[in-house]
Structures are given as C-alpha cells and as structure tokens.
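Shown next, in structure tokens, is the structure this report addresses.
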Amino acid sequence: MKRFDTAKLAMSVFIASEAVFFAFLIAAYVYYYGAVVQGPRASNSLDPPRTLIFTVCLLSSSATLWRAERHLAAAHNRAFRLWLGATILLGALFIFGQALEYTGLIAKSITPARNLFGATFFTLTGFHGLHVLCGLISLSVVLVLAFMRSFGPREISGLGAVSMYWHFVDAVWIVIFSLVYVTVWI
Amino acid sequence: MSDVPITPGLLDADFPAPSESRWLEWVATVDHKRIGILYLVTTLFFFCLGGIEALLIRVQLAWPGNSFLSPEMYNQIFTMHGTTMVFLVVVPLLLGLANYLTPLMIGASDMALPRLNAFSFWVFLFGGVLLYFSFVSGHAPSAGWFSYAPLSEKGFSTRYGLDYWALALLGIGVGTIATAINLIVTIVNLRTEGLTIRRLPLFVWMVFVNSFLIIFALPALNASLVMLLIDRQLNAHFFTQLGGGSPILWQHYFWSFGHPEVYIMVLPAFGIISEVIPVFSRKPIFGYGFVAASTVAIALLSIGVWAHHMFAVGLGHAWDYAFGASSLLIAVPTGVKVFNWIATMWGGSIRFTTSMLFAIAFLFTFTIGGLSGVTFATVPIDWQVTDSYYVVAHMHYVLFGGTLFGVMAGIYYWFPKMSGRLLSERWGAVHFWLMFIGFHLTFFIQHFLGLDGMPRRVYTYPDHPGWAMMNLTSTIGAFVIGISVLVLLTNIVVSLRGGEPAGDNPWNAWTLEWATTSPPPEHNFDAVPPVHGPRPLWDLAHPQGERA
Amino acid sequence: MHVSVFSPASPQATELLWLWNVCMWVCGFILAAVTLPILYIVVRYRRHGENEPPQIAGNKRLEIVWTIIPLALVGFLFVLSIRTARAVDHHVSREPDVVVTGHQWWWEVAYPAANAITANEIHLPVGRDMLIGIEAADVIHDFWVPRLGRKIDAIPGRRNFVWIRAEQPGDYEGACAEYCGAQHAWMRFRVVAQLPAAYDSWLTAQAAAAITPASGDAKLGQTRFGELTCANCHNIRGINKQKQYGPDLTHIASRKMLAAERLENTPGNLKNWLRQPNIIKPNCEMPDLKLSDGDLTVLTALLESLK
C-alpha cells in the first residue's frame, strides 16, 4: 500500500541530507567570517549587483518550472516543453554568471588557497554550483524524454521529484546570496 | 522436519532461473535479497581484512620493543583497521541485514527503489576498493581512522593515503545515505495492510530511526571530507592553524558525524536483539513502547553529545559540563533497554540456541562497554583515561561485544531464512565460546593497560611492570577470536552445502519474514498473512488466545 | 617505575582517583543488577517442554522505576564530576611557571621566569602548585602524567593549562596521548619532583649557559658541532645562538634519558644515537648524518660535558 509518492518522498529525504551538508558548509563560512580582517574578503571582492542579476535568473527558473508543471498537468505538452526549456536556459545563465564571477576572482588571485574567505566562499558557492549543474542535467534529461514520449503518471512523478530538487537548490541560493552578498552590500 | 519439502538453497543450480549466467545475475541484480547477501559477503570479507590487521597489531604489541612491523607500517595498519571496521564492516553489515530483512518483515516484495539499492552497494564496494588501493599507491592513510588535523594535512601527511581515505569515505557515505533514503521510503510506503507504525517489528523500527540518524550524520562527514580535500589539494586552510584555520573545527565537524555514527553502528544491533530474545524466550518483548521510544531518545540525544570526544582539548568548563551532562543522559535510554531485554527473558522458556547465546553475551558485554562509557561521561575521569588503552577497551566492548555479538545472533537467526539451511548448532557453540572467551581475554585487560598509563596508537611501549604480560594476554585472546571466526566461516560454507533444511519457520518465530519459504521466492510472499498486532504469526497460531 | 592512575602522587590525581572509585561503585552496582538476573534466568527459566509461558508484555511502573534509578545515578555522577573538575582544574589567573611545547616527537620545556630551556625532562618543586602551560609547534599532541594529573591537549596556536602539585620527590613518567605521527609511541617524558632547595639549584644550573670545554675531545667536539650541521637545529647556549628546531642541548648531560625516554642517557647510548638516530627512532626528524667514528667520539665527549 503506497502512502506517499515514492519519488517525492525519496527526494524529500535526500533534500534533508543535502540541507545538512550545506548547513555545515555555511557554518564554516560564518565561523571564519570574522577571521579575515585584511586582504580580499566579501566586502571588497564581490559584485553583489551583478550577482543579483544572475540570482534573478535562477529564482525565475523556479517560477518557469512551476509553470511548466502546471502546463503538463493540463496536458499542454508544447507549452510544458517550452517552459521547461526556459527553466534550463535560466539555470544555465546562472551557471554562466558563476563562471564569470569565478574567473574574475581567480584573475585577481583570489582562490581557495589565498585566505579563509577564498576557501569558504569557493567551497560554499562551488558546491552550490555543482548542485545546480546536476539539476540542469536532470532537467535536460526530462526535456529530452518529453520530446521522445508522452508523459504518464510515472514521468509526472519523476518530474515532481526533480522539481523539488530544483526549488531546494534555489532556496539554498537565497540563503547563500543573503549571507555572502547582501550582508556586505547594504 | 522430515516431511518438510526442501526448498531451493542459495547454491542450488535451479535457483533462480538456470538460463542466465550466475555471475551476471549477481552483478546485475536489483533484488534486495541478493543485494543484502552481496553486502553480507563483502562485509564478511572486509571483516577478515580488518581482523588480519588487528592480528598484525597484536603481534607487534605482544612484547615491548618488538620490530615485527615498522612504525610506519604499524601506523598505516591501525588506521586501516579502524577505517575498515567502522566504514567497511559494521555499518554496511547492518545495512545489508536491513536490506535483506526490511521488505520481508513488512510484507513487501522489494525495497521501494531497487536500482538505487544496487547503486548503493556498488558505490560502497568501489569506496572499499579505493581505500585499499592506497596500499598499492605506496602508502595507506596513517593518521588514524578519524584523521585529526593538522596531522592529516598535506604538511604532515605528504603521501596520497589520506586523499584515498577521504575519497573512499565520500563514496561509502553516498552509498550509506542512499540506503537510508531507500529504507525510509520503503518503511513508510510499503508496509502491508494492518502493519501500522506501532506494530513494526523492533528491528524495522530501529532501522527506521537509524536511517534518519544517517541522514543527519553522513552529510556532516561529507562536508568535513570535502573541506579536508580542499585543504590538501587546493591549499586552503580550513583546518591548518598556520593559515588562520582551526584544527579544532575538524574535531567538531568530524565528531558531529562521528558520534551519531557510533549509534548508527549499534541501533540495528539493538533491533536484532529485540527480535532474537523474545523468540528464544517464548515471550513478547517486555515494554515495546519503552524500547521504541528510548530509541528515538537515543537518536535525538546522540546529536548533542559530540564534544565528549574532546574533553581533553581544553574547550572550557562550560563545554565540558554541558556535554558531560548530555553524555550521562544518553546512557539512560541505552541502559533501560537492557532491563527490558532481561525482563523479556524473565519468566520465559529459554532456548539456548547459538543465536540466543550471543544475545545473552551481548547483554553482559554491552553493559560493561556502556558502563565504561559512563565513566568517560564523568568528565574528570575522561581526563585520565581518554586516548589510552582504556578507551580502546571501551570502544571494542560496545562495538564488538555489543554490535558484533548482536550481528552474530542475527546471523545464526536469519541464516536459515536466507539459505534454507540451518547452521550447525554444535559448531555454533564452539564459535560462541571461543569468541566470547577470546573477546574478553583480548579486551578486558586493556582497561587495566589504559589505567596503568599506556596510550593508544603506539607501535610499542616501555617495559613497565605488567605491561608485557597484559599485552601478550591480549594478543593471545585476539588469536582465539581469529580461530572462532574460522569456525564461523567453516560453519557457513559447510552448512550452505549440506546443512539441515530449515523450513519456513525453524524457530517458531512470529514476524512476517517467517511466513514465507526459506529462502523466499523472488517476489517474497505468495500471500502475506493478515496483520493485527506486532506478532502476526503468533496471532494466527493463537486466534482466541493471548494477544501479543 | 609505576605510571598508573592508581598511584596518585598529587592532590589532582588523588581527586581524579577518588571520583573513579565512586564511579566504580555505581557501575559495579549496575553491572550486578544486570548480571545477577541473567545468571538467575539462565538457570531458572531453561526451556522445559513445549508450553508457552505467560505472555507478559510489560509493566509501566517497573519501567518507570528502572528509568528513574539510572537517571538519579547519572545525576549523582554529574554533580560529583563538577566538584572534581573544579578541584583539579581551577582558574588560571597568572603566567605559567613552566611552558611545555610539543614537537614531533619531543617536548620542549621552558621556565620563562628563569630563562631556562631544556627538553623531555620537567623538574618541579615538591609541595608547590605549579601551573604548566601546554603548547604545540606542529600537530596536536597531549600532555599526560597519570600519577600527577589530568591530560590536556597541546594544540598549535593555542595555550592550554594544567595544574600539578607533586607531593613526593620522585620521577613520574608521562607520555604524549594524542596520536601525532610516526614516533608518537616514543614521545614520552618524565616529571622529576624535587625538594625545593634541590629544584632551585637545578633551575639555576639549567638557566646558566654551557661551560665551554677547555680541552681534549670535548673541545674538538665543540668545533665539529659548529662545522657539521648540528648547530642548524640544536642550541647550546654559550656556544651558539640559534632558533632551535630540535631539543636544546645546553645541559643534555644532566638529563636521565635520551630521545624522549627512548634510551637511557649513557655515553654508549648517546654515541649510538648520533650514529643512527633513524634506526633507533625511525622517521624522527634527526637525519642520519653518517658521522665518522672520530666525529662520533668527539661529539659524544662534547655532549657528555654539558652537565
């Protein structure tokens, strides 16, 4: 007797474990935040306004994914694929923004080796970026499947799980963006 | 027994389909029973490796000034022994049993996510191979199984052993988390009609709670490992004081994983004991509610005791008192379970099968280990005995005398279900007595070595009065254990081929796994019995009688 | 020489042993409460026949009792632990008398007030509360003298403290108690407790610079000490002035042991150590300098003169 959707239940538990993982990385960032009093640190090395643009991309991708799911539920398959594609595009833009930021920092020789800001910043945002990348891959797989066949309850359930993951990744970014960028911007 | 049809055993050519290659079946399987057996066989193999490492350690320590192993090699061996036993034996062994038994005990036909299940096993095996590959790379890790910084950092551990260690543990951690997810979803979703949470067999309940503990603890380990790898490979300074980092942060982070981990290593064993003792006492578990609730209490408290591994760090009295209090507190739900198990036996009709012998030995031995734990939680005592052979004794009393004795009870109990054949009770008794005596001979005396001032993790020691004799005794005990393991392995191999047929329910037990053939068919049940209480088969046999 | 927790030689160690003894009574009681019923059950309730016993499934009152009692016992232990902790580990409000720094794999011992530095052998005056500061130069070590007090980690970048008051003159062995790499096993040390007068004269002698040898092999040794790379790692105050990476040798001949308790300090052992440190203590930081017999003789003579 199935009481809950298997895919979504499994994903919820997985998300819980990932939340713990990020909590520990965030704690390290916070713990070492005050230790860096000179040299490159958040307040003098980051570009919050530019990052805000890419943040908007990522957060919008949650909205587009939500729309995509609504269309799928109403059997608007073409609209579903369009909005899903938009989600992937927006997510890719976010990754592009991260890459831009990373290359900029590395050019100024701000790396994990440089100081504790470098170490904690790259670790935290790096693992977040890796999670976004995995999400993008998963969403792309769904998109390819959407072109190959029509979606039944199993596919919808799977998409529901992927969608939970994507929203989680966005939520983590809200926390990271607030903690790392907004606190030194305002 | 003579008219019971002999159900196909594991090694019979007919089981399952004779058409496919047997090796391919095992490699490609997504059947939880097969995967469970893969775990059991693999962990038994790693147990032998870890055991050989232990024997090497004990030979080196048999007398002072021994040069059987170089210091360098000794340090790798003890690191690998600990890492192997914790990550490649105890946890996957328990999860392997959980894998095999959980669907059967809840009346399901498989785990909720069979392919994830297979993935979990193979990534665990890959991690194990990666860890042992470090020997081939020229230098296994040698910073101890918990790799304290800064010793574990590039400046002090220049070879690649620690990188293999971290990567292997990451892989194993991923597999463990995946299994925990699978178990949670399976137990929530796939219970048969009538099997409410309050009627769950205690083994399943403990596995369930344990899985949540894994979800909390293993990601903490993964975070610590990636930070260590980033330190080592990208020259960051998370844990090196020279770059502004904190070696103590490693300890906080690692033990945030490490302490829940020791409960992860014991809760399923508590579950095994909670199944075995009632059946061989012919009574239901005494105080099901208390035992189940205390499990949750242990899980919750275990997240708040980690700094009791750090009482010698000098964190300050506030830390010491707070964690001393929580650590003393956690002894209570752990301890009362022992009384529940004893009360289960009281007034019962005890059958001294090998499984029951190990369960009773568990009660006695684990209590000693738990009590030495209480001495550690009494903080000033920790200030004398931590990091000495006293703590080596403590950890082996709870993990070997506790968990492993529980696992032995489980092996003798469920081997018939898995294979269709009984293990020899006569050789089981030989195994039991050798292992019991060998264990206490090896480890009891180590309490005194520690109290006498012998630190842990030393490749040799000065010739102080009594130290040579105590160490030699411990070494002899270790070889007795080794012999007992050979007896067990022989028993397993011989019984697989020609042991007495088990039948569906050789122990007259009451949970659902006994309501199908031994071994079960691929889909587990032809028909799941109705469930109206925690002991479905008892209820079936006593329709008007006492409800469990 | 007894190392044990059970032979306390200081009020701190005595307090710790007292707590241990109380705890043993509590644990003994609980162990008996577990073992005796098991023994009784094993005899009394052996299976006879096929009848199933009464299916008693619980007794809430009993369970409450056997929860409350252990709770009370651990509460009792907790209260006692606070009492002992405060007795052993009281507040630090002054500079330490001795500063001990853990290195891989030896102990640097400094007396800041007297400006004395030695290695692996700590002298304390009997009957005085001594405050020892504990530091580390590389990885985490741990300072442990079971007969005199608690153990405490030596952590790089941080100073910990331990109070010790030795009540009797004598030698008390200590060991590093935190795995610190290849030669953790031989990172031992000793505390020598002396009557105050003897301690004072020891400290004065340790603070003094070395008496440069007048003639003979020792004098040749002094020359070779400077010519070979010894002086790069080891300091002999009065002969060279160098940041030290290895143990201070100014008064090495006054110490009882060599290489952190690895060898007794005799001329033969010292010469052997100089010849092949990496054989006696594999992986130690002192390299095999492949010294000639002649060099070995004169260097040993030099070091033996450094009383």
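The values are calculated or read from the model by the stated rules, or taken from the named source; none is laboratory data. All values reported here derive from a predicted model rather than from experimental measurement. Glycine also receives a Cβ, built like all others from the backbone with ideal geometry; neighbour counts cover every protein chain displayed. Each accessible area value is taken on the protein alone, full model and side chains, heavy atoms only, with ligands, DNA and RNA left out. Shrake-Rupley method; radii C 1.70, N 1.55, O 1.52, S 1.80 Å.
Working from Cα pairs under 8 Å separated by at least six residues, relative contact order for the range B:27-179 is 30 percent.
Taking loop as defined by DSSP and a crowding limit of 11 other beta carbons within 10 Å, which trypsin sites (Lys or Arg not before Pro) in the range C:32-86 fit?
On the way: sites: C:Arg44, C:Arg46, C:Arg47, C:Lys60, C:Arg61, C:Arg83, C:Arg86; in loops: C:Arg47.
Those that pass, being in a loop and sparsely packed, number zero.
Once C-alpha pairs closer than 8 Å and six or more residues apart are averaged by separation and normalised to the residue number of the range C:98-207, the relative contact order reads 31 percent.
Seen from every direction in turn and averaged, the convex hull around the alpha carbons of chain B projects onto 24.9 nm². Projected onto planes of every orientation and averaged, the convex hull of the alpha-carbon atoms in the range C:98-207 covers 6.0 nm².
Here the Karplus curve 6.51 cos²θ - 1.76 cosθ + 1.60, taken at θ = phi - 60°, turns the phi angles of the range B:436-443 into couplings of 5, 5, x, 4, 5, 4, 5, 9 Hz, with x standing for Gly and Pro.
This model, with +1 at the C-beta of Lys and Arg and -1 at the C-beta of Asp and Glu, gives the protein assembly as shown a dipole about its Cα centre of some 1100 debye.
Tell me the total accessible area that A and B bury against each other, 1.4 angstrom probe, in square angstrom rounded to 100. Don't skip to the end; give the middle numbers.
Details: alone 9920 and 21480 Å², together 28880 Å².
The buried area between A and B, both sides summed, comes to about 2500 Å².
Computed over the range C:161-222, the quotient of the alpha carbon radius of gyration and 2.2 N^0.38 Å is 1.63.
Scalar couplings 3J(HN,Hα) for the range A:32-40, obtained by applying the Karplus form with A = 6.51, B = -1.76, C = 1.60 to θ = phi - 60°, are 8, 4, x, 6, 9, 9, 9, x, x Hz; x denotes Gly and Pro. When the range C:98-207 is described by a simple charge dipole with +1 on each Lys and Arg Cβ and -1 on each Asp and Glu Cβ, the residue from C:Gly181, C:Met130, C:Trp105 located farthest towards its positive end is C:Met130. Spin-label model, A:Met148/A:Leu59: points 7 Å from Cα along the beta carbon direction are separated by 3.6 nm.
In the protein assembly as shown, a dipole from Cβ-located charges (positive for Lys and Arg, negative for Asp and Glu) runs towards its positive end, and of B:Phe448, C:Ile41, C:Ile211 it is C:Ile41 whose Cα lies farthest in that direction. In this structure, B:Ser137 and C:Gln276 have a Cβ-Cβ separation that, at R0 = 51 Å, corresponds to a calculated FRET efficiency of about 0.95.
Helix screen, chain C: DSSP H segments with Cα axial length of 27 Å or more and mean Kyte-Doolittle hydropathy at least 1.0 are C:11-44, C:60-88.
Taken over the protein assembly as shown, the convex hull of the Cα atoms encloses 184 Å³ per residue.
The amide H of C:Leu263, built 1.01 Å from its N in the peptide plane, has C:Leu258 as neighbours under 5 Å, considering only residues 5 or more places off or on other chains. Estimated at the nearest 10 Å², the accessible area of A:Arg114 is 110 Å² with a 1.4 Å probe.
Tell me which of B:Asn471, B:Asn524, B:Gly499 sits at the most positive position along the dipole axis of the range B:438-548, charges placed on C-beta atoms (Lys, Arg +1; Asp, Glu -1). After comparing all options, I get B:Asn471. Karplus-based coupling profile of the range B:514-522, in residue order and whole Hz: 8, 9, 9, 5, 10, x, x, x, 4, with θ = phi - 60° in 6.51 cos²θ - 1.76 cosθ + 1.60 and x standing for Gly or Pro.
Taken along the Cα-to-beta-carbon direction at a fixed 7 Å, the label points for B:Phe45 and B:Ile483 span 2.8 nm. Here the accessible area of the protein assembly as shown is 67 percent carbon and sulfur, with a 1.4 angstrom probe and all protein chains present. Assuming R0 = 41 Å, what is the FRET efficiency of B:Ala318 and B:Thr196, from their Cβ-Cβ distance, to the nearest 0.05? Step by step, r from the Cβ atoms, then E = 0.40.
Taking the centroid of alpha carbons for each part, the range A:13-69 and the range C:8-72 are 52 Å apart.
Measuring r between the beta carbons of A:Leu130 and A:Lys108 and using R0 = 22 Å, the FRET efficiency lands at 0.45.
Each of B:Arg426 and A:Ile156 was given a label point 7 Å from its Cα along the Cα-to-Cβ line. The distance between the two points is 6.4 nm. I want the antiparallel fraction of DSSP beta bridges within the range C:98-207, as a percent rounded to 5. Once the DSSP bridges in the range C:98-207 are tallied, antiparallel ones form about 70 percent.
Sort B:Lys417, C:Lys219, C:Lys271 by heavy-atom solvent-accessible area, probe 1.4 angstrom, most to least. Before the final figure, lay out each step's value.
Numbers: B:Lys417 0, C:Lys219 85, C:Lys271 60 Å².
My answer, sorted largest first, is C:Lys219, C:Lys271, B:Lys417.
Taking every protein chain into account, the accessible area of the protein assembly as shown amounts to 37 square angstrom per residue (probe 1.4 Å). Relative contact order, whole percent, for chain B stands at 18, derived from Cα pairs under 8 Å and 6 or more residues apart. Against the main long axis of the alpha-carbon atoms of chain B, helix B:32-60 sits at an angle near 40°. Could you state how much accessible area is buried at the B-C interface, both sides summed, with a 1.4 Å probe, in Å² to the nearest 100? So the buried area, both faces added, is about 7500 Å². The longest stretch of chain B left intact once loop-based GluC sites (Glu not before Pro) with at most 15 other Cβ atoms within 10 Å are removed from consideration, loops following DSSP, is B:194-521.
Averaging 1/r over each pair of different alpha-carbon atoms in the range B:300-436 and inverting the result gives 16.7 Å, the Kirkwood hydrodynamic radius.
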